[in-house]
Amino acid sequence: MQILVILTGGTITMVRNPENGALRPADTETFRAFVPELFASDIHVDMLTFSPLIDSSDVSPDDWSRMARTVYENYNRYDGFVILHGTDTMSYSASAVSFMLQNLTKPVVFTGSQLPVGVLRSDAKENLLTAVEIAAAKDTDGQCLVPEVCLCFEGKVFRANRTTKKNAEHFEAFESYNYPALAKAGVHINYRRHLIHYPAPDTQLQLLDKTDRHVALLKIFPGITEEVVHAILTTPGLKGVVLETYGSGNAPSSEWLYLQLKEAVGRGIIVVNKTQCSTGSVEMGRYEVSINLLKAGVLSGYDITTEALLTKMMWLLGQYPADMHTVKDMLQHSVAGEMTEAGV
Ligand code: ASP
(Lines give C-alpha, C1' and ligand atoms only; values in the text may rest on other atoms or scores of the structure.)
Protein backbone atom coordinates (compact mmCIF):
# COMPACT_ATOMS: atom_id res chain seq x y z
CA MET A 1 0.00 0.00 0.00
CA GLN A 2 1.42 3.38 -1.01
CA ILE A 3 0.29 6.57 0.69
CA LEU A 4 1.32 10.13 -0.09
CA VAL A 5 1.37 12.50 2.90
CA ILE A 6 1.24 16.15 1.80
CA LEU A 7 2.47 18.70 4.36
CA THR A 8 0.89 22.13 3.84
CA GLY A 9 1.60 23.62 7.28
CA GLY A 10 -0.27 24.32 10.52
CA THR A 11 0.49 23.34 14.08
CA ILE A 12 0.95 19.67 13.18
CA THR A 13 4.07 20.49 11.17
CA MET A 14 5.66 22.59 13.91
CA VAL A 15 8.52 21.87 16.28
CA ARG A 16 10.12 23.88 19.03
CA ASN A 17 13.29 25.73 18.18
CA PRO A 18 15.72 24.52 20.90
CA GLU A 19 17.53 27.86 20.81
CA ASN A 20 14.64 30.14 21.74
CA GLY A 21 11.72 27.78 22.51
CA ALA A 22 9.55 29.30 19.76
CA LEU A 23 7.44 27.15 17.44
CA ARG A 24 8.52 26.98 13.84
CA PRO A 25 7.62 24.78 10.83
CA ALA A 26 9.71 21.62 10.65
CA ASP A 27 11.52 20.57 7.49
CA THR A 28 10.59 17.14 6.12
CA GLU A 29 13.51 15.33 7.77
CA THR A 30 12.84 16.81 11.21
CA PHE A 31 9.15 15.97 10.87
CA ARG A 32 9.94 12.36 9.89
CA ALA A 33 12.13 11.98 12.96
CA PHE A 34 9.16 12.73 15.22
CA VAL A 35 6.98 9.99 13.69
CA PRO A 36 9.27 6.98 13.12
CA GLU A 37 6.21 4.66 13.44
CA LEU A 38 4.98 6.00 10.12
CA PHE A 39 7.85 4.33 8.33
CA ALA A 40 7.87 1.09 10.28
CA SER A 41 4.66 -0.56 9.05
CA ASP A 42 3.75 -2.39 5.84
CA ILE A 43 2.20 0.84 4.52
CA HIS A 44 4.74 2.67 2.39
CA VAL A 45 4.60 6.41 3.05
CA ASP A 46 6.09 9.14 0.87
CA MET A 47 6.08 12.79 1.93
CA LEU A 48 5.68 15.90 -0.15
CA THR A 49 6.20 19.25 1.54
CA PHE A 50 4.75 22.54 0.34
CA SER A 51 7.21 25.37 0.46
CA PRO A 52 6.82 27.45 2.49
CA LEU A 53 4.69 25.65 5.06
CA ILE A 54 1.94 28.05 6.06
CA ASP A 55 -0.41 28.76 8.90
CA SER A 56 -3.87 27.89 7.62
CA SER A 57 -5.03 31.49 8.17
CA ASP A 58 -2.91 32.30 5.11
CA VAL A 59 -4.42 29.57 2.93
CA SER A 60 -6.15 30.95 -0.17
CA PRO A 61 -8.19 29.44 -3.03
CA ASP A 62 -4.90 29.11 -4.97
CA ASP A 63 -3.66 26.80 -2.22
CA TRP A 64 -6.86 24.72 -2.42
CA SER A 65 -6.16 24.33 -6.10
CA ARG A 66 -2.56 23.32 -5.39
CA MET A 67 -3.72 20.66 -2.90
CA ALA A 68 -6.26 19.23 -5.36
CA ARG A 69 -3.74 19.37 -8.22
CA THR A 70 -1.08 17.56 -6.14
CA VAL A 71 -3.52 14.70 -5.51
CA TYR A 72 -4.56 14.67 -9.18
CA GLU A 73 -0.99 14.58 -10.49
CA ASN A 74 0.02 11.75 -8.15
CA TYR A 75 -3.27 9.86 -8.34
CA ASN A 76 -2.12 6.75 -10.18
CA ARG A 77 0.97 6.23 -8.05
CA TYR A 78 -0.74 6.04 -4.65
CA ASP A 79 -3.58 4.17 -2.98
CA GLY A 80 -4.56 7.12 -0.81
CA PHE A 81 -3.59 10.63 0.30
CA VAL A 82 -3.24 12.41 3.63
CA ILE A 83 -3.13 16.21 3.74
CA LEU A 84 -1.61 17.79 6.85
CA HIS A 85 -3.16 21.21 7.36
CA GLY A 86 -3.67 23.83 10.06
CA THR A 87 -6.91 23.33 11.91
CA ASP A 88 -8.19 26.92 11.68
CA THR A 89 -9.32 26.76 8.05
CA MET A 90 -9.12 23.04 7.46
CA SER A 91 -12.86 22.70 6.93
CA TYR A 92 -12.76 25.36 4.18
CA SER A 93 -9.84 23.73 2.34
CA ALA A 94 -11.21 20.22 2.70
CA SER A 95 -14.66 21.35 1.48
CA ALA A 96 -13.11 23.10 -1.52
CA VAL A 97 -10.99 20.06 -2.42
CA SER A 98 -14.10 17.84 -2.17
CA PHE A 99 -15.65 19.90 -4.98
CA MET A 100 -12.47 20.19 -7.05
CA LEU A 101 -11.81 16.44 -7.19
CA GLN A 102 -14.81 14.91 -8.92
CA ASN A 103 -15.31 11.12 -9.28
CA LEU A 104 -12.87 10.29 -6.52
CA THR A 105 -12.22 6.58 -6.00
CA LYS A 106 -9.43 6.89 -3.40
CA PRO A 107 -9.33 8.47 0.08
CA VAL A 108 -8.07 12.03 0.57
CA VAL A 109 -7.81 12.47 4.33
CA PHE A 110 -7.24 15.87 5.93
CA THR A 111 -5.81 16.00 9.41
CA GLY A 112 -3.87 18.29 11.73
CA SER A 113 -3.37 18.70 15.45
CA GLN A 114 -4.01 21.03 18.34
CA LEU A 115 -0.46 20.64 19.67
CA PRO A 116 2.70 20.65 17.52
CA VAL A 117 4.22 17.32 16.52
CA GLY A 118 7.31 18.25 18.52
CA VAL A 119 5.47 18.56 21.85
CA LEU A 120 5.31 15.58 24.20
CA ARG A 121 1.52 15.54 24.78
CA SER A 122 0.77 16.24 21.13
CA ASP A 123 -2.26 14.78 19.38
CA ALA A 124 -0.32 14.97 16.09
CA LYS A 125 0.98 11.42 16.07
CA GLU A 126 -2.35 9.76 16.76
CA ASN A 127 -4.20 11.89 14.21
CA LEU A 128 -1.57 11.29 11.54
CA LEU A 129 -1.28 7.53 12.10
CA THR A 130 -5.07 7.10 12.09
CA ALA A 131 -5.37 9.23 8.94
CA VAL A 132 -2.75 7.07 7.17
CA GLU A 133 -4.58 3.92 8.21
CA ILE A 134 -7.88 5.31 6.88
CA ALA A 135 -6.18 6.32 3.62
CA ALA A 136 -4.79 2.80 3.20
CA ALA A 137 -7.90 0.86 4.23
CA LYS A 138 -9.39 -1.47 1.60
CA ASP A 139 -11.87 -4.34 1.75
CA THR A 140 -11.11 -7.86 0.55
CA ASP A 141 -12.17 -6.89 -2.99
CA GLY A 142 -9.59 -4.10 -3.07
CA GLN A 143 -12.24 -1.37 -2.77
CA CYS A 144 -11.06 1.64 -0.70
CA LEU A 145 -13.18 1.81 2.44
CA VAL A 146 -13.48 5.62 2.47
CA PRO A 147 -13.10 6.90 -1.10
CA GLU A 148 -14.08 10.44 -0.13
CA VAL A 149 -12.42 13.70 0.88
CA CYS A 150 -12.68 13.26 4.63
CA LEU A 151 -11.37 14.86 7.81
CA CYS A 152 -9.87 12.67 10.53
CA PHE A 153 -9.47 14.09 14.01
CA GLU A 154 -9.36 12.61 17.51
CA GLY A 155 -10.55 9.18 16.43
CA LYS A 156 -13.41 10.30 14.20
CA VAL A 157 -13.59 10.40 10.43
CA PHE A 158 -16.06 12.84 8.94
CA ARG A 159 -17.13 13.73 5.44
CA ALA A 160 -14.93 16.82 5.07
CA ASN A 161 -17.53 19.15 3.61
CA ARG A 162 -19.82 18.54 6.60
CA THR A 163 -17.27 19.68 9.19
CA THR A 164 -16.71 22.80 11.27
CA LYS A 165 -13.93 23.62 13.70
CA LYS A 166 -15.77 23.83 17.01
CA ASN A 167 -13.07 24.07 19.64
CA ALA A 168 -9.81 26.00 19.97
CA GLU A 169 -8.79 24.20 23.16
CA HIS A 170 -9.86 20.55 23.22
CA PHE A 171 -8.31 17.77 21.18
CA GLU A 172 -11.80 17.05 19.87
CA ALA A 173 -11.69 20.12 17.63
CA PHE A 174 -14.08 19.24 14.79
CA GLU A 175 -17.72 18.33 14.47
CA SER A 176 -20.05 17.26 11.72
CA TYR A 177 -23.37 18.46 13.05
CA ASN A 178 -25.64 17.39 10.23
CA TYR A 179 -24.09 14.12 9.07
CA PRO A 180 -22.85 11.21 11.21
CA ALA A 181 -19.18 10.19 11.36
CA LEU A 182 -18.12 7.88 8.51
CA ALA A 183 -15.83 5.91 10.81
CA LYS A 184 -14.79 5.82 14.45
CA ALA A 185 -11.42 4.65 15.67
CA GLY A 186 -11.17 2.91 19.03
CA VAL A 187 -9.40 -0.38 19.53
CA HIS A 188 -10.75 -1.19 16.06
CA ILE A 189 -11.74 1.20 13.32
CA ASN A 190 -15.48 0.90 12.78
CA TYR A 191 -16.34 1.87 9.20
CA ARG A 192 -20.00 2.83 8.75
CA ARG A 193 -20.22 1.85 5.12
CA HIS A 194 -23.89 2.75 4.68
CA LEU A 195 -22.90 6.41 5.28
CA ILE A 196 -19.94 6.45 2.90
CA HIS A 197 -20.27 7.37 -0.77
CA TYR A 198 -18.93 4.72 -3.16
CA PRO A 199 -18.34 5.71 -6.77
CA ALA A 200 -19.64 3.83 -9.76
CA PRO A 201 -16.98 1.45 -11.11
CA ASP A 202 -14.60 2.80 -13.76
CA THR A 203 -15.19 6.45 -12.96
CA GLN A 204 -12.40 8.77 -14.07
CA LEU A 205 -11.02 11.37 -11.66
CA GLN A 206 -11.57 14.94 -12.84
CA LEU A 207 -9.76 18.03 -11.59
CA LEU A 208 -12.01 21.10 -11.65
CA ASP A 209 -10.03 23.65 -9.67
CA LYS A 210 -11.10 27.08 -10.89
CA THR A 211 -12.68 29.41 -8.34
CA ASP A 212 -14.04 32.95 -8.27
CA ARG A 213 -13.67 34.98 -5.07
CA HIS A 214 -16.46 37.49 -5.70
CA VAL A 215 -18.58 36.27 -2.82
CA ALA A 216 -19.53 37.71 0.57
CA LEU A 217 -20.84 36.50 3.91
CA LEU A 218 -23.65 38.60 5.34
CA LYS A 219 -24.52 37.65 8.90
CA ILE A 220 -27.83 39.01 10.15
CA PHE A 221 -27.94 40.30 13.73
CA PRO A 222 -30.50 42.27 15.74
CA GLY A 223 -30.00 45.94 14.93
CA ILE A 224 -28.16 45.45 11.63
CA THR A 225 -28.45 48.67 9.65
CA GLU A 226 -29.55 49.38 6.13
CA GLU A 227 -26.15 50.99 5.40
CA VAL A 228 -24.20 47.85 6.30
CA VAL A 229 -26.43 45.60 4.18
CA HIS A 230 -26.28 48.10 1.32
CA ALA A 231 -22.47 48.31 1.50
CA ILE A 232 -22.14 44.54 1.24
CA LEU A 233 -24.73 44.03 -1.49
CA THR A 234 -23.21 46.77 -3.66
CA THR A 235 -19.62 45.53 -3.36
CA PRO A 236 -18.08 45.97 -6.83
CA GLY A 237 -17.95 42.70 -8.76
CA LEU A 238 -20.04 40.79 -6.22
CA LYS A 239 -21.67 37.63 -7.62
CA GLY A 240 -22.79 35.57 -4.65
CA VAL A 241 -23.81 36.09 -1.02
CA VAL A 242 -24.14 33.65 1.84
CA LEU A 243 -26.87 35.09 4.04
CA GLU A 244 -26.55 33.78 7.59
CA THR A 245 -29.98 33.92 9.18
CA TYR A 246 -31.65 32.92 12.44
CA GLY A 247 -33.13 29.51 13.28
CA SER A 248 -34.85 27.85 10.34
CA GLY A 249 -33.83 30.66 7.99
CA ASN A 250 -35.46 33.77 9.45
CA ALA A 251 -34.51 37.45 9.14
CA PRO A 252 -36.03 40.77 10.26
CA SER A 253 -39.20 41.53 8.34
CA SER A 254 -38.13 45.15 7.60
CA GLU A 255 -39.25 46.39 4.21
CA TRP A 256 -35.77 47.82 3.47
CA LEU A 257 -34.11 44.42 3.88
CA TYR A 258 -36.61 42.80 1.56
CA LEU A 259 -36.20 45.57 -1.05
CA GLN A 260 -32.39 45.46 -0.92
CA LEU A 261 -32.25 41.69 -1.31
CA LYS A 262 -34.83 41.78 -4.10
CA GLU A 263 -32.87 44.47 -5.90
CA ALA A 264 -29.58 42.55 -5.51
CA VAL A 265 -31.16 39.33 -6.83
CA GLY A 266 -32.60 41.40 -9.69
CA ARG A 267 -29.04 42.51 -10.55
CA GLY A 268 -28.05 38.83 -10.89
CA ILE A 269 -26.46 38.36 -7.47
CA ILE A 270 -27.08 34.89 -6.07
CA VAL A 271 -28.14 34.92 -2.42
CA VAL A 272 -28.27 31.67 -0.44
CA ASN A 273 -29.83 31.35 3.00
CA LYS A 274 -27.80 29.48 5.63
CA THR A 275 -28.88 29.20 9.24
CA GLN A 276 -26.63 30.47 12.04
CA CYS A 277 -27.55 27.31 14.00
CA SER A 278 -25.02 24.48 13.85
CA THR A 279 -27.64 21.77 13.55
CA GLY A 280 -30.79 21.69 11.42
CA SER A 281 -31.92 23.05 8.12
CA VAL A 282 -33.25 26.21 6.48
CA GLU A 283 -36.98 26.01 5.87
CA MET A 284 -38.09 29.27 4.28
CA GLY A 285 -41.81 29.93 4.56
CA ARG A 286 -42.18 28.13 7.89
CA TYR A 287 -42.40 31.48 9.69
CA GLU A 288 -43.75 34.74 8.30
CA VAL A 289 -40.32 36.33 8.85
CA SER A 290 -38.78 34.19 6.15
CA ILE A 291 -41.51 34.63 3.53
CA ASN A 292 -39.94 37.92 2.39
CA LEU A 293 -36.67 36.10 1.70
CA LEU A 294 -38.47 33.64 -0.54
CA LYS A 295 -40.26 36.51 -2.30
CA ALA A 296 -36.94 38.30 -2.82
CA GLY A 297 -35.56 35.26 -4.66
CA VAL A 298 -33.21 34.01 -1.92
CA LEU A 299 -32.26 30.32 -2.35
CA SER A 300 -32.14 27.73 0.43
CA GLY A 301 -28.84 26.26 1.62
CA TYR A 302 -30.71 23.57 3.57
CA ASP A 303 -28.32 22.07 6.17
CA ILE A 304 -25.00 22.99 4.54
CA THR A 305 -22.15 24.46 6.62
CA THR A 306 -20.95 28.01 6.00
CA GLU A 307 -17.52 26.61 5.05
CA ALA A 308 -19.01 24.30 2.43
CA LEU A 309 -21.44 26.91 1.08
CA LEU A 310 -18.81 29.63 0.64
CA THR A 311 -16.34 27.30 -1.06
CA LYS A 312 -19.04 25.69 -3.20
CA MET A 313 -20.20 29.13 -4.35
CA MET A 314 -16.63 30.18 -5.24
CA TRP A 315 -16.09 26.87 -7.02
CA LEU A 316 -19.34 26.98 -9.01
CA LEU A 317 -18.75 30.61 -10.03
CA GLY A 318 -15.28 29.56 -11.23
CA GLN A 319 -16.63 26.57 -13.16
CA TYR A 320 -19.61 28.23 -14.83
CA PRO A 321 -18.71 31.94 -15.09
CA ALA A 322 -21.25 32.62 -17.81
CA ASP A 323 -24.02 30.32 -16.68
CA MET A 324 -25.72 31.59 -13.54
CA HIS A 325 -28.65 29.29 -14.18
CA THR A 326 -26.39 26.24 -13.66
CA VAL A 327 -24.69 27.83 -10.64
CA LYS A 328 -28.08 28.40 -9.01
CA ASP A 329 -29.29 24.95 -9.89
CA MET A 330 -26.20 23.23 -8.49
CA LEU A 331 -26.37 25.31 -5.31
CA GLN A 332 -29.75 23.69 -4.71
CA HIS A 333 -28.37 20.18 -5.09
CA SER A 334 -25.72 18.11 -3.41
CA VAL A 335 -22.52 17.85 -5.48
CA ALA A 336 -20.27 15.99 -3.03
CA GLY A 337 -22.62 14.98 -0.23
CA GLU A 338 -22.39 18.44 1.38
CA MET A 339 -26.07 18.89 2.13
CA THR A 340 -29.35 17.12 2.61
CA GLU A 341 -31.81 18.43 0.07
CA ALA A 342 -35.47 18.99 0.98
CA GLY A 343 -37.44 15.76 1.13
CA VAL A 344 -34.35 13.53 0.98
N1 ASP B 1 -3.07 28.53 13.46
C2 ASP B 1 -2.89 27.11 13.19
C3 ASP B 1 -3.32 26.86 11.75
O4 ASP B 1 -4.49 26.77 11.48
C5 ASP B 1 -3.70 26.33 14.14
C6 ASP B 1 -3.59 24.85 13.99
O7 ASP B 1 -2.99 24.30 13.11
O8 ASP B 1 -4.18 24.15 14.83
O9 ASP B 1 -2.48 26.79 10.89
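Ignoring ligands, DNA and RNA, what percent of the accessible area of region 134-180 is carbon or sulfur (1.4 Å)? Don't skip to the end; give the middle numbers.
Working: 750 of 1730 Å².
Percent of accessible area from carbon and sulfur atoms in region 134-180: 43.
Let me check against my output: what whole-number percent is the relative contact order of the chain, with C-alpha pairs under 8 Å and at least 6 apart? Can you show the working numbers first?
Numbers: 721 pairs, mean separation 50.9, N = 344.
About 15 percent, as a whole number.
Per-residue accessible area for residue 258 at 1.4 Å probe radius, Å² rounded to 10?
Roll a 1.4 Å probe over it and residue 258 shows about 40 Å².
Mind putting a number on the dipole of region 43-199 about its Cα centre? Charges go on the C-beta only, +1 for Lys and Arg and -1 for Asp and Glu, and I need it in Debye to the nearest 20. Walk me through the numbers before you get to the answer.
Working: 15 positive and 18 negative charges, 81 e Å.
In debye, rounded to 20, region 43-199 gives about 380.
In this model, which of 125/219; 138/274; 219/328; 166/219; 106/239; 210/295 are farther than 29 Å apart at the alpha-carbon?
Working: 125/219 37 Å; 138/274 36 Å; 219/328 20 Å; 166/219 18 Å; 106/239 33 Å; 210/295 32 Å.
Exceeds cut-off: 125/219; 138/274; 106/239; 210/295.
May I ask you to rank 106, 125 by accessible area, largest first, using a 1.4 Å probe over the protein chains only?
Details: 106 40, 125 75 Å².
Result, largest first: 125, 106.
Please report, as a whole percent, how much of the solvent-accessible surface of region 227-286 comes from carbon and sulfur atoms (probe radius 1.4 Å). If you can, show how the numbers build up before the last one.
On the way: 1430 of 2570 Å².
About 55 percent, which is the carbon plus sulfur part of the accessible surface.
Using a ≥ b ≥ c from the Cα gyration tensor of region 25-138 (square roots of the eigenvalues), is it rounded, prolate or oblate, where a/c under 1.5 gives rounded and otherwise the larger of a/b and b/c decides, a/b for prolate?
Values: a/c = 1.69, a/b = 1.15, b/c = 1.47.
It is oblate, given that a/c is not under 1.5 and a/b is not larger than b/c.
Give the percent of DSSP beta bridges with both residues in the chain that are antiparallel, rounded to the nearest 5. Let's see the in-between values first.
On the way: 18 of 50 bridges.
Taking every DSSP beta bridge within the chain, about 35 percent pair in antiparallel fashion.
I'd like the distance separating the alpha-carbon centroids of region 209-262 and region 139-197, in whole Å.
32 Å
Assigning unit charges at the beta carbon (Lys, Arg +1; Asp, Glu -1) and nothing else, what dipole magnitude in debye, to the nearest 20, does region 138-283 show about its Cα centre? All intermediate terms of the calculation are to be shown ahead of the outcome.
Values: 16 positive and 16 negative charges, 42 e Å.
Roughly 200 debye, rounded to the nearest 20.
I'd like the distance between the alpha-carbon centres of region 9-67 and region 267-297, rounded to an integer number of Å.
A separation of 41 Å, based on Cα centres.
Out of 252, 218, 54, whose Cα points farthest toward the positive end of the dipole of the chain (charges: +1 Lys, Arg; -1 Asp, Glu; placed on Cβ)?
Ranked along the dipole, the leading option is 252.
Can you give the accessible area per residue of region 231-344, in Å², using a 1.4 Å probe?
On the way: 4680 Å² over 114 residues.
Heavy-atom accessible area per residue stands at 41 Å².
What residue among 242, 132, 119 shows peak mean-square fluctuation when the chain is described by a Gaussian network model with Cα springs under 10 Å?
Looking only at 242, 132, 119, the biggest GNM fluctuation is shown by 119.
Could you give me D for the chain, from Stokes-Einstein at 37 °C and 0.692 mPa s, where the hydrodynamic radius is the Kirkwood radius over C-alpha pairs? Units µm² s⁻¹, please.
Working: Rh = 21.0 Å.
Here the translational diffusion coefficient equals 157 µm²/s.
With +1 on each Lys and Arg Cβ and -1 on each Asp and Glu Cβ, how big is the dipole of the chain about its Cα centre, in debye rounded to the nearest 20?
Numbers: 29 positive and 39 negative charges, 67 e Å.
That gives a dipole near 320 debye.
Based on the mean of other Cβ atoms within 10 Å per residue, sort peptides 310-316, 200-206, 169-175 so the most packed one is first.
On the way: 310-316: 26.3, 200-206: 9.7, 169-175: 16.1.
The most tightly packed comes first, giving 310-316, 169-175, 200-206.
Going by the alpha-carbon gyration tensor, a ≥ b ≥ c the square roots of its eigenvalues, is region 74-138 rounded (a/c under 1.5) or, if a/c is not under 1.5, prolate (a/b greater than b/c) versus oblate?
Details: a/c = 2.98, a/b = 1.49, b/c = 2.01.
Since a/c reaches 1.5 but b/c is at least a/b, the shape of region 74-138 is classed as oblate.
Ordering 179, 75, 246 by accessible area with a probe of 1.4 Å, largest first, what comes out? Walk me through the intermediate numbers first.
Working: 179 45, 75 20, 246 70 Å².
Sorted descending by solvent-accessible area, the residues read 246, 179, 75.
Shape verdict for region 181-237, please, from the Cα gyration tensor: rounded (a/c under 1.5), prolate (a/b greater than b/c) or oblate. Working shown, then result.
Values: a/c = 4.81, a/b = 1.90, b/c = 2.53.
Judged from the Cα gyration tensor, region 181-237 comes out oblate (a/c at least 1.5, b/c at or above a/b).
The values are calculated or read from the model by the stated rules, or taken from the named source; none is laboratory data. Just so we're clear, the structure is a prediction, and the values are computed from it rather than from any experiment. Methodologically, a virtual Cβ is constructed for each residue, glycine included, from the backbone with ideal geometry; neighbour enumeration extends over all protein chains shown. Keep in mind that these areas ignore ligands, DNA and RNA; they rest on the heavy atoms of the full protein, side chains included. Shrake-Rupley method; radii C 1.70, N 1.55, O 1.52, S 1.80 Å.
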